1. Just to be sure I understand: if I project the alpha-carbon convex hull of the stretch 59-160 onto a plane and average over all orientations, what area do I get in nm²?
2. Just flag the GluC sites (Glu not before Pro) in the stretch 143-198 sitting in loop per DSSP whose Cβ has no more than 14 other Cβ atoms within 10 Å.
3. Can you list which of the DSSP-assigned H helices in the chain have a Cα extent of 15 Å or more along the long axis and an average Kyte-Doolittle score of at least 0.5?
4. For the chain, modelled as a Gaussian network with Cα springs under 10 Å, which listed residue fluctuates most, ALA87, ALA140, ALA106?
5. With runs of 4+ DSSP H residues as the only contributors, calculate the mean residue ellipticity of the chain at 222 nm using -39,500 (n - 2.57) per run, divided by the residue total and rounded to the nearest 500.
6. If amide H atoms are built 1.01 Å from N in the plane of the peptide, which residues on other chains or at least 5 residues away come under 5 Å of the amide H of PHE43?
7. Quick one: accessible area per residue over the stretch 56-166, 1.4 Å probe, rounded to a whole number of Å²?
8. Could you go through the stretch 99-112 in sequence order and give the Karplus-derived ³J(HN,Hα) for each residue, using 6.51 cos²θ - 1.76 cosθ + 1.60 with θ = phi - 60°, rounded to whole Hz, and x for Gly and Pro?
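The values are calculated or read from the model by the stated rules, or taken from the named source; none is laboratory data. Bear in mind that the values here come from a model prediction, so they are computed numbers and not experimental data. Ideal geometry is used to build each Cβ from the backbone, glycine not excepted, and the neighbour counts take in all protein chains shown. We work out accessible area using only protein heavy atoms, side chains counted, and drop any ligands, DNA or RNA first. Shrake-Rupley method; radii C 1.70, N 1.55, O 1.52, S 1.80 Å.
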Amino acid sequence: MTMRRFIIIGHTATTSGDFSLNDLSGATGRLDVLLRCVNSALFLSHEMRRDTEIRLVLLGPPNAPKTIALNGAEMKHLNPDERSTAALLKAALNKPIFGSSVNAGAGISVSRATFKVILANAAKDSKIIALKEDGADIRAAGLAPPLTFVLSDNREFSDDELQALKDAGAEFISLGPKSLLASHCIVLVHNELDRKES
Ligand SMILES: C[S@@+](CC[C@H](N)C(=O)[O-])C[C@H]1O[C@@H](n2cnc3c(N)ncnc32)[C@H](O)[C@@H]1O
């Protein structure tokens with residue numbers, strides 16, 4: 001069962017597989033930010049976090065929205081480097097989507113669901129936590145899994161996204177006083193939960 005889920009909004013991230021693996025930060029609408037989030041969400045030193053899943057909500061051109069889900073319980077061919085993860089996502093984005101979603105290999109699927117739908121589905125089986133610098137301190141929050149953490153990329157959440165989070169009953173939680181990289185936030189969340197569980 002997925003106990004920890006992360007949803008990252010990629011406001012400009014490409015929705016086409018037509019990009020070069022040699023220019024991940026330039027040609028992909030900052031897909032590189034999301035690639036680092038995949039690494040932070042799913043990797044331990046010598047194994048994978050099988051209780052974790054991550055959803056990348058891609059809002060860039062030319063076919064937005066698309067959401068790629070990576071499920072740690074089923075992943076087989078994921079490696080820690082950004083380039084090979086990008087190759088998996090590229091192949092997933094090249095798959096035509098007939099119906100609501102398509103399987104893109106072990107543990108990977110792609111859908112056309114909007115952020116609101118992704119959020120509503122997550123709220124059915126977990127508590128929604130929006131990570132935001134000015135939220136309540138995570139160390140004072142009594143967090144108990146299953147939990148879905150929602151992060152923005154290198155941009156702020158839009159007003160519509162904040163409203164959707166409120167509508168989904170999200171609690172707004174902070175990881176500390178500094179504005180951190182999204183991928184670093186994921187590592188900190190895992191660490192807080194690991195300590196609680198140990
Ligand atoms: C690099 S920040 C982007 C917003 C940033 N303020 C900016 O000006 O671009 C990426 C995301 O990580 C999360 N984040 C960053 N620092 C955080 C903190 N101290 N506590 C909770 N979430 C944080 C938020 O979801 C944020 O939207």
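1. Values: hull surface 33.2 nm².
Directional mean of the projected Cα hull area for the stretch 59-160 stands at 8.3 nm².
2. Passing sites in the stretch 143-198 are GLU156.
3. The qualifying helices are 31-42, 115-125.
4. Highest fluctuation of the listed residues: ALA140.
5. -9500 deg cm²/dmol
6. Result for PHE43 returns ARG49.
7. Spelled out: the 1.4 Å probe surface of the stretch 56-166, per residue, equals 49 Å².
8. Result, rounded to whole Hz: x, 7, 7, 9, 6, 10, x, 4, x, 10, 9, 10, 10, 9.
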